[in-house]
1. Condition first: surrounded by fewer than 21 Cβ atoms within 10 Å (Cβ to Cβ) and outside any helix (DSSP H, G or I). Now tell me which residues in region 14-26 satisfy that.
2. Before we move on, is Tyr434 part of a strand (DSSP E or B) and either in the same structural domain as Tyr268 (by TED's automatic domain parsing) or without any contact (Cβ under 8 Å) to a residue 24 or more places away in the chain (or both)?
3. His215: outside the structural domain of Gly94 (by TED's automatic domain parsing), at pLDDT 95 or above, assigned to a helix (DSSP H, G or I) and not hydrophobic (A, V, I, L, M, F, W, C), yes or no?
4. Assess whether Ala274 counts as being without any contact (Cβ under 8 Å) to a residue 60 or more places away in the chain, within 18 Å of Asp252 (Cβ to Cβ) and out of contact with any His (no Cβ under 8 Å at 6 or more places or on another chain).
5. Could you give every pair whose Cβ atoms fall below 8 Å, whose first residue belongs to region 292-319 and is touching a residue at least 24 places away in the same chain (Cβ under 8 Å), and whose second residue is hydroxyl-bearing (Ser, Thr, Tyr) and in a helix (DSSP H, G or I), counting only separations of at least 6 or pairs across chains?
6. Based on what the data block shows, is Ala89 at pLDDT 95 or above, farther than 26 Å from Ile14 by Cα, surrounded by 20 or more Cβ atoms within 10 Å (Cβ to Cβ) and touching a Phe, Trp or Tyr at 6+ places or on another chain (Cβ under 6 Å)?
7. Is at least one residue of region 136-146 at pLDDT below 95, in a helix (DSSP H, G or I) and not charged (D, E, K, R)?
8. Residues to consider are Ile387, Ile431; find the one that is β-branched (Val, Ile, Thr), at pLDDT 90 or above and farther than 30 Å from Val176 by Cβ.
Amino acid sequence: MALIKSISGIRGTIGGLAGDNLTPQDIVECTAAFGFWVLQNGGAPRVVIGRDGRISGPMVSQIVASTLMGLGIQVTDLGLTTTPTVEMAVAMEGAGAGIIITASHNPAEWNALKFLNHKGEFISQADGEALLALIDSGRIDYAPVEKLGAYRQAEGYLEKHIDAILELPFVDADAVRRKAYKVAVDCINSSGAVAMPALLHRLGCEAILLNSEPHGRFAHNPEPLPQHLQGLCKAVVEHGAALGAAVDPDVDRLAFVCEDGALFGEEYTLVAVADYILQHQPGNTVSNLSSTRALRDVTQGRGGQYFASAVGEVNVVNKMKEVNAVIGGEGNGGIILPGLHYGRDALAGLAIFLTYLATSGQTASALRATYPDYYMVKDKIALTPDIDIERLLAQLEQRFSNEDYNTIDGLKIDFERGWVHLRKSNTEPIIRIYSEGPSPEAAQELANRMKAEADAVLGHKA
């Protein structure tokens, strides 16, 4: 059981002892601090909330809404919805903030509160630190009875979200409709079961739904990784679908399966969507340091500049704004399109990808074959109390000072035929080691080399 408080929100497992897990007391404490922080900073006294399909969602949502009302805040509740829909609704409502009730790709026993600012974007590191300090202080001033907030259930925001997607210059709904694609979708028993068929219907596609009841009892591990998508791969072939699509429980990550049942590759979701957009709007792109080099290759091939950010959606968004990127995202299947909103959006990603297939006349497998092949390895080093991680990374930096390296988030070293990235985990006592190369063996060799170098540094320390 666990409870994790960070600058972007609070997450934990449901049940158990208050303070150790995500219990009603912890939900009230953190929601109250966030609502009070919004009011203190001059935000409009309205907060938009929405949840994914997990079992604890209705309970958590009711506690959040009541707590906000106790502060005198008006609550607009979207109910069962997607993360990007809540993000867009905050701006549409003119709200002071938003709270998304989702633990994203975590298993069913987890839930979380993710905090948005008045733009519908995740709060900054500075705001997150201020919020954590307020949570620790416990000094919250609630509203008197005459000034309690009101509650309103809002409908139609998913439709508004889809309307906005279909109006994008990168989406040709008529071209997709003419193809009448058959698309298999793994909805993972959550919000995707509502959102994905609604989008596909508007695009004239036949939706073949797997795990289509949004009851939150996930049919498999909800993270859209290769080992969890074998059922979708089989369904694509069995139904003769043109494409398979998998989302996580809150529909901000997207992974594709080709028409032959082969995985398109989660890292390549952003690559393909960016490739299409760059053909219509040349410019810069951004992904985080742990994402595939293929985005850099495609961007430079289309005449743009690629930039890397620290890991974390808020960091990607900040870098996108800084370099005026036309698209950005994360290698975990997260697409961020500034012309829509600054948040990962699987619905937008699917609409653009289908447009690319329809207008190019290519199959998904043929499109994937046009991109360079890179392979990623994810490894780790266990941290013990005697390891000085800053010293370790500084000494590794010295050892590779002749290489192209970056220290904005741990240490990333770019070699001619691959890269390796080391950073301290925010959730586990480990150093994450991500590496990428032109073959699985090359990627593993890079990871092993870095672990050996780290062992040598630690050995010298001893």
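The values are calculated or read from the model by the stated rules, or taken from the named source; none is laboratory data. Here the structure is a predicted model, which means the values were calculated and not measured. With ideal geometry, Cβ positions are generated from the backbone for all residues, glycine too; neighbour counts draw on all protein chains shown.
1. Matches in region 14-26: Ile14, Gly15, Gly16, Leu17, Ala18, Gly19, Asp20, Asn21, Thr23.
2. No: the conditions fail for Tyr434.
3. no
4. Here the answer is yes, as Ala274 does meet what is asked.
5. Going by the 8 Å Cβ cut-off, the qualifying pairs are Thr292/Tyr268; Ala294/Tyr268.
6. Here the answer is yes, as Ala89 does meet what is asked.
7. Checking region 136-146: at least one residue is at pLDDT below 95, in a helix (DSSP H, G or I) and not charged (D, E, K, R).
8. Ile431
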